[in-house]
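Remarks on the structure that follows.
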Amino acid sequence: MRDQWNSKLGFMLAAIGSAVGLGNIWRFPYIAAQNGGGSFLIPYFFAILTAGIPILILEYTIGKTWRGGAPVALARINRKFEWLGWVQAMVAFMISVYYFAIVVWVLVYLGGSFTLAWEGDTSGYLYGTVLGLTGSPFELGGIQTQLILPFLIAWAAAALVLYRGIQKGIELACKICMPLLLVLMTIIVIRGITLPGAADGLEYFFKPDWSALADPNAWVQAYGQVFFSLSICFAIMIGYSSYLPKETDVVNTAFITATTNHGFEIFAGIGVFSIIGHMALAQGVPVDDVANAGVNLAFLVFPEAILTLPGMNSFFGVLFFASLLVAGFTSLISILQAVISSIQDKFTASHTKSVTIVLVPAFIISFLFITGAGLYLLDIFDAFANNIGVAGAGLLEVILITWFYDPEKIRLEANAHSNFAVGKWWTWSLKVVTVAALGFTFILNFYDYLTHGYGVGEGGYTYGQQFACGWAPFILFVVIAVILTGLKGREGYKDLQQVAMKEVE
């Protein structure tokens, strides 16, 4: 019998755990600040309403109705759609192998928080002590021994949860982790807003720059953040919802998941920018000089900000990196489970065997990201996985379902067990607005990467480096997706009628 969630609450906590990841705590605040501050919330909420929630409803309904991981669920809609499910699963796999590295870095910083190990040289601690950073992506520099123990701890924890399955593993972990994350972040926010200079940080975060609304990049960034944040279009939510009872209210669940996730983003942003405002005041520099650090916000700026706190510095360092760890871990297990459910549902493989099939190669490949070149490899992998892989797979998913299948059937199925129904706006949002926005974003990124490369230029990557670490792995995973599509699966895995006769009671 196929596993399923023990309760709707368990599913929602797991879905929120997947959505609330590392990017919610540091990526959203600086993306918002760089794209109009308070005014960025307008394109952002527009993107949530026209793409985020509609696609969540779409993927929840697909998974719940066709009862399979992304490849099998899409194959049951149309036998010719299976390949897209495998592309999404391979994108998830691609993300999982480098996501481990970020969790490992967070673990190192969590341990270092007790003694404020970065005090005196924040940059040297990150690039030297933690990463052992080399000069280029091709200069691996060997596995960094200081990362081996946290690397093994992260892998052991993920394997323990995944081998235990949906109810006893993922659901239980998320029931513990998500309330814990809320408590940790609440303490950080309360402390942050009581610091001198907090108002300056919050003004930078929320003050609207209305001219930014005329910049197309702000709208592109808004849609990109929604996809990045909600874990949509790379097999996760289809896989998770495939373990739901058929009578589940997916419309209400999608709205709750999205609003909780995005509410947490803003909540976390208040805490982050309050402390950044205090740091700017303590150093006598504008908030803008501190806030535009991008991804360095978590590992350079915030550790430095912790040092400027008037007291209990170690305690708040532990709180911050414990928050990142919980958020990162729940996202990590969801990404891996998306691939596991894809393998298990197509092939005659037990849950344990499917977990092993996914974890062993992921474990081997992820060693690359704890070498001295790990940061470079992660940077390139992440850019191609998200800007090309997730955006492209999302665009294809919406086009195939809304233009080459009847989306009204999915809308009626979604409404069949929901407390409130979604109208035809849902169909047209997906069919027109989402396709246009995603199409524009994907074409822009694809053209830019194809013609200019990623990070190519003075002081950046060479064309050979970004091709070898970006395009080549992406093409390889697409080829693997095609091969998996062509392999013979278990008898009747594409047969919806057969699945319907074996519904989980």
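The values are calculated or read from the model by the stated rules, or taken from the named source; none is laboratory data. This is a predicted model, so every value here is computed, not measured. Cβ placement follows ideal geometry from the backbone for every residue including glycine, while neighbour counts extend to all protein chains displayed. Ligands, DNA and RNA are excluded from the accessible area calculation, which covers all protein heavy atoms including side chains. Shrake-Rupley method; radii C 1.70, N 1.55, O 1.52, S 1.80 Å.
Miscellaneous remarks
- With N the number of residues in the stretch 253-305, Rg(Cα) / (2.2 N^0.38 Å) evaluates to 1.38.
- Additional length obtainable on full extension of the chain from Trp428 to Ile153, 0.36 nm per residue less Cα span: 94.4 nm
- Estimated FRET transfer efficiency when R0 is 22 angstrom, pair Ala416-Asp495 (beta carbons, to 0.05): 0.55
- Estimated translational D of the chain in µm²/s (Stokes, Kirkwood radius over Cα pairs; 37 °C; 0.692 mPa s): 143
- At the listed q of 0.13 Å⁻¹, the Debye profile of the stretch 87-145, built from one uniform point per Cα, gives log10 I(q)/I(0) equal to -0.46.
- Equivalent ellipsoid semi-axes - Cα gyration tensor, the stretch 370-505, angstrom: 37, 22, 13
- Converting phi to 3J(HN,Hα) with the Karplus coefficients 6.51, -1.76 and 1.60 and the offset θ = phi - 60°, the stretch 24-33 yields 5, 7, 10, 6, 4, x, 7, 5, 4, 4 Hz in sequence order, with x at every glycine or proline.
- Packing, taken as the mean count of other beta carbons within 10 Å per residue, orders the peptides 164-173, 120-129, 91-100, 9-18 from highest to lowest as 91-100, 9-18, 164-173, 120-129.
- Taking chymotrypsin sites (Phe, Trp or Tyr not before Pro) across the stretch 330-416, the ones in a DSSP loop with at most 12 further Cβ atoms lying within 10 angstrom of their Cβ are Phe404.
- The stretch 347-363 and the stretch 9-41 have their alpha-carbon centroids 30 Å apart.
- If the chain linking Ala349 and Ser123 were pulled fully straight, counting 0.36 nm for each residue of separation and taking away their Cα-Cα distance, it would gain 76.7 nm.
- Accessible surface, the stretch 201-284, averaged per residue in Å² (probe 1.4 Å): 31
- In range of the label at Leu9: residues from the stretch 151-190 whose backbone nitrogen is under 20 Å from the point 7 Å along Cα→Cβ: 166-184
- Here the peptides 63-74, 473-484, 265-276 are ranked by packing, the mean other Cβ count within 10 Å, and the order with the highest first is 63-74, 265-276, 473-484.
- The modelled label-to-label distance for the pair His452/Ile266, using points 7 Å beyond Cα in the direction of Cβ, is 3.3 nm.
- Residue-averaged [θ]222 nm for the chain, counting only DSSP H segments that reach four residues, each worth -39500 (n - 2.57): -21500 deg cm²/dmol
- The simple Förster model, with R0 at 45 Å and r as the Cβ-Cβ distance, assigns Ile176 and Glu247 a FRET efficiency of 0.95.
- Applying a threshold of 29 Å to the alpha-carbon distances of Lys64/Lys353; Lys168/Lys409; Lys64/Lys488; Lys8/Lys207 flags Lys168/Lys409; Lys8/Lys207 as lying beyond it.
- Against the empirical 2.2 N^0.38 Å (N residues), the stretch 355-413 has a Cα radius of gyration ratio of 1.71.
- Whole-number percent relative contact order across the stretch 380-456, with pairs defined as alpha carbons under 8 Å at least 6 apart: 47
- Descending Cα extents along the principal axes, the stretch 214-255, whole Å: 44, 20, 10
- Probe 1.4 Å, protein heavy atoms only - accessible area per residue of the stretch 348-505 in square angstrom: 50
- Percent of alpha-carbon pairs separated by more than 18 Å within the stretch 94-238: 76
- Length available on full extension from Leu213 to Val360: 0.36 nm per residue minus the Cα-Cα distance, which gives 48.3 nm.
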